[in-house]
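What follows is a set of notes on a single structure, which appears directly below.
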């Protein structure tokens with residue numbers, strides 16, 4: 001459909017990566033890793049070279065999110081998906097209530113539901129709608145998703161829970177960018193391959209004293225079997241020593257730390273402002289064009305990390321995407337596959353520049369309008 005289309009040179013982004021995961025890892029981070037030579041990669045994670053990086057990450061997150069000093073940053077392998085099981089196995093006492101609005105929040109619910117000794121409740125809205133969650137009588141854990149990667153929905157407010165209830169927030173694709181007072185959560189967890197510009201395979205959980213106490217209480221219950229890899233006591237003990245329980249991917253830690261240092265120079269509030277400016281650009285673009293529309297109709301739930309834009313059926317977005325990928329100009333803007341919509345899903349993660357998003361929207365409009 002676009003085989004003969006000539007891409008305007010002034011509309012070519014400086015970096016082609018706009019995917020919602022994995023993230024855009026800056027080339028300078030790769031160069032910085034290379035400069036460590038023989039002194040980092042291939043080193044035991046029990047040695048100072050790695051423990052110091054883990055400590056920098058822990059301290060950097062505490063500073064960035066301005067959480068109380070009695071919180072603990074805990075790290076482990078397996079990605080945030082592993083935490084779905086870990087939380088159900090080792091944090092929920094009797095009942096968890098999950099508020100779901102898309103593929104990944106539902107995935108977390110389904111993981112919890114498989115644990116036979118806890119009760120699991122789902123409160124859901126149709127995909128594309130937002131839900132903030134609330135305290136539920138009889139539930140000792142409330143599970144919400146900060147940013148639903150599949151649909152581009154983000155929380156507009158945190159639920160308020162009582163002293164006996166854990167508030168767990170999956171922040172994977174919005175952590176560090178979407179607004180959230182982490183000090184009002186008990187477990188705020190994510191994988192670093194989104195806003196924090198690293199690779200997958202690592203999970204990071206910022207835990208309140210209440211969550212730490214709950215984890216230790218359940219771990220002491222010998223009637224519950226929990227595999228060592230999912231044992232919260234192991235994870236917490238290692239976190240207190242600036243380590244992970246088992247061997248992590250060292251490059252992932254390195255990239256995460258590099259990104260965190262950059263973001264701490266700005267601060268969380270400024271990062272959110274920059275993200276909102278990019279979101280205003282994308283949603284404004286969608287609202288200004290007759291062939292586009294915002295998939296998320298409720299403005300208060302529109303993500304400032306991932307934008308989902310529907311396209312008129314007269315233009316097949318797959319043709320647009322395939323052409324741009326073939327030309328190596330734009331990567332990763334396809335909609336989430338299971339939604340089955342004629343849609344662009346565009347990341348606005350911190351490292352994606354405003355000017356590149358301007359070029360992207362201009363290019364997409366030019367291509368679409370050439371066929372209408």
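Laid out as a table, the results:
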quantity: Cα centroid separation, region 222-295 to region 155-216 (Å); calculated: 9
quantity: Which of 5, 283 has the fewest Cβ neighbours within 10 Å, and the rest in rising order; calculated: 5, 283
quantity: 37 °C / 0.692 mPa s Stokes-Einstein diffusion coefficient of region 198-287, Kirkwood radius on C-alpha pairs, µm²/s; calculated: 200
quantity: Tilt relative to the chain, helix 209-219 - C-alpha long axis, 0 to 90 degrees, to 10; calculated: 60
quantity: Structure-based [θ]222 nm, the chain - -39500 (n - 2.57) summed over DSSP H runs of at least 4, per residue, nearest 500; calculated: -11500 deg cm²/dmol
quantity: Computed over region 118-191, Cα set: Rg, Dmax in Å; calculated: 12.0, 33
quantity: Cα-based shape type of the chain, given that a ≥ b ≥ c are square roots of the gyration tensor eigenvalues and the cut on a/c is 1.5; calculated: oblate
quantity: Of 281, 75, 202, the one that fluctuates the most in a GNM where the chain has Cα springs shorter than 10 Å; calculated: 281
quantity: Cubic angstrom per residue, convex hull over Cα atoms of region 1-43; calculated: 145
quantity: Alpha-carbon centroid distance for the pair region 1-66 / region 296-327, whole angstrom; calculated: 25
quantity: For region 67-172: rounded, prolate or oblate by the Cα gyration tensor [a/c cutoff 1.5]; calculated: rounded
quantity: The chain: most fluctuating residue of 195, 92, 125 per GNM, C-alpha cutoff 10 Å; calculated: 125
quantity: Solution diffusion estimate, µm²/s, Stokes-Einstein, region 1-76, Kirkwood Rh from C-alpha pairs, 25 °C, viscosity 0.890 mPa s; calculated: 146
quantity: Relative packing of peptides 154-160, 9-15 - highest average C-beta neighbours within 10 Å first; calculated: 154-160, 9-15
quantity: Ascending count of other beta-carbon atoms within 10 Å, so fewest first, for 39, 350, 98, 45; calculated: 39, 45, 350, 98
quantity: Acute angle (nearest 10 degrees) that the helix 268-288 long axis makes with the longest principal axis of the chain, alpha-carbon atoms; calculated: 40
quantity: Prolate/oblate/rounded call for region 1-135, Cα gyration tensor, a/c under 1.5 rounded; calculated: oblate
quantity: Semi-axis lengths, Å, region 289-372, gyration tensor of Cα atoms, sqrt of 5 times eigenvalues; calculated: 19, 17, 13
quantity: Whole-number Å³ per residue for the convex hull built on Cα positions in region 144-239; calculated: 120
quantity: Bridge type composition, the chain - antiparallel percent by DSSP, nearest 5; calculated: 55
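Every number here is computed from the coordinates shown, using simple stated rules; none is lab data. None of these values were measured; they are calculated from a predicted model. Using ideal geometry, Cβ is built from the backbone for each residue, glycine included, and neighbour counts are taken over all protein chains shown.
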